[in-house]
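One structure is given below, encoded as structure tokens.
The values are calculated or read from the model by the stated rules, or taken from the named source; none is laboratory data. Since this is a predicted model, take the numbers as computed values, not measurements. Cβ placement follows ideal geometry from the backbone for every residue including glycine, while neighbour counts extend to all protein chains displayed. Just the protein is used for accessible areas: all its heavy atoms, side chains included, with ligands, DNA and RNA removed. Shrake-Rupley method; radii C 1.70, N 1.55, O 1.52, S 1.80 Å.
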Amino acid sequence: QKHPARDAQDTFFVVDPEKTTDHPKEYVELTKEVHGEGLYGSRGYRYQWDENEAQRNVLRTHTTAISSYTLYEIGQEYQRTGKLKTGAFFSIDRVFRNETMDKTHLCEFHQMEGFVLDYDLSLSNMMGVLKAFFERVGVENLMFKPAYNPYTEPSMEIHTVQNGKIMEIGNSGVFRPEMLRPMGLPEGVTAIAWGLGLERVACRHYKLDSVHDLFGHRISLPFVK
């Protein structure tokens, strides 16, 4: 709940309906305990998790919401059948952020996200997957920078060079056990995940200086066609 993406400066909050109350009760209780006191080897975040805050509706700030929903469904299936659905999972969807627009930022854009779920995946697995993934979308010479995300550890920003300048194009990390275990996933299972802005990758591919040349009211229709 202390994630900066939920801050009023970065998030569009929905007025009607203001809240969603249809949540699995057991999952809510486990999430509350993980945040407040800690479970699965964690000390927690040591704060009072507020269910009312969790119920507030927002326009999606990143597609981790889709990955989380998918992981929960996989965890519940494992609890019913005892069989784990491992593999690679991907999504592309629109996200919204209450940001000041400039040549690399938009209030509304598309995010690509992927995660790989299996036993005993590591940081080196994630770096290898990222290099292979970005090469397939035309981005080479990746640089990684240590970062902090509340729900992944370790975490890394993904950078490349655009027009002679270093530009962040994505974020990545290994989902923490405290996130996965309440969903019903077994001990020892790891999910490595990453997300990137589609427009920034496209700008690099087409050698554009601004995302507004690709998305928004300033685009050239002949160029887009």
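Over 18 Å between Cα atoms, which of 103/165; 131/165; 103/207 qualify?
131/165
Straight-line reach from residue 225: which aspartates and glutamates fall under 14 Å, measuring Cα to Cα and dropping same-chain residues less than 8 apart?
In chain and number order, the partners are 213.
Straight-line reach only, C-alpha to C-alpha below 14 angstrom: list the aspartates and glutamates that residue 85 could link to, leaving out same-chain residues fewer than 8 apart.
Reachable aspartates and glutamates: 73, 77, 118.
So which GluC sites (Glu not before Pro) in the range 104-186 end up in coil per DSSP with only 15 or fewer other C-beta atoms within 10 Å?
Taking the range 104-186 and a limit of 15 other Cβ atoms within 10 Å, the loop GluC sites (Glu not before Pro) found are 140.
So how strong a dipole does the range 102-204 carry about its Cα centre when Lys and Arg Cβ are +1 and Asp and Glu Cβ are -1, to the nearest 20 debye?
Once rounded to the nearest 20, the dipole reads 280 debye.
Got a sec? Charge dipole of the chain, +1 on Cβ for Lys and Arg, -1 for Asp and Glu; which of 69, 167, 49 is way out at the positive end?
167
Leaving ligands and nucleic acids out of the surface, order 62, 105 by accessible area at 1.4 Å, largest first.
In descending accessible area the options line up as 105, 62.
Rounded if a/c is under 1.5, else prolate if a/b beats b/c, else oblate: with a ≥ b ≥ c from the C-alpha gyration tensor eigenvalues square-rooted, which is the range 42-91?
Because a/c hits 1.5 or more and a/b fails to exceed b/c, the range 42-91 counts as oblate.
So how strong a dipole does the chain carry about its Cα centre when Lys and Arg Cβ are +1 and Asp and Glu Cβ are -1, to the nearest 20 debye?
Roughly 540 debye for the chain.
When the helix-only estimate is applied to the chain (DSSP H runs of n ≥ 4, each -39,500 (n - 2.57), divided by the residue count), what is the mean residue ellipticity at 222 nm, nearest 500 deg cm²/dmol?
It comes out at -8500 deg cm²/dmol, rounded to the nearest 500.
Using the Kirkwood radius built from alpha carbon pairs, what does the Stokes-Einstein equation give as D for the chain at 20 °C and 1.002 mPa s, in µm² per second?
Values: Rh = 19.0 Å.
Translational diffusion coefficient: 113 µm²/s.
Among 112, 101, 156, which one shows the highest mean-square fluctuation when the chain is modelled as a Gaussian network with alpha-carbon springs under 10 Å?
Its mean-square fluctuation being the largest, the pick is 101.
Suppose every Lys and Arg Cβ carries +1 and every Asp and Glu Cβ carries -1, with no other charges. What dipole size does the range 1-120 come out with about its Cα centre, to the nearest 20 debye?
So the dipole magnitude of the range 1-120 works out to roughly 160 debye.
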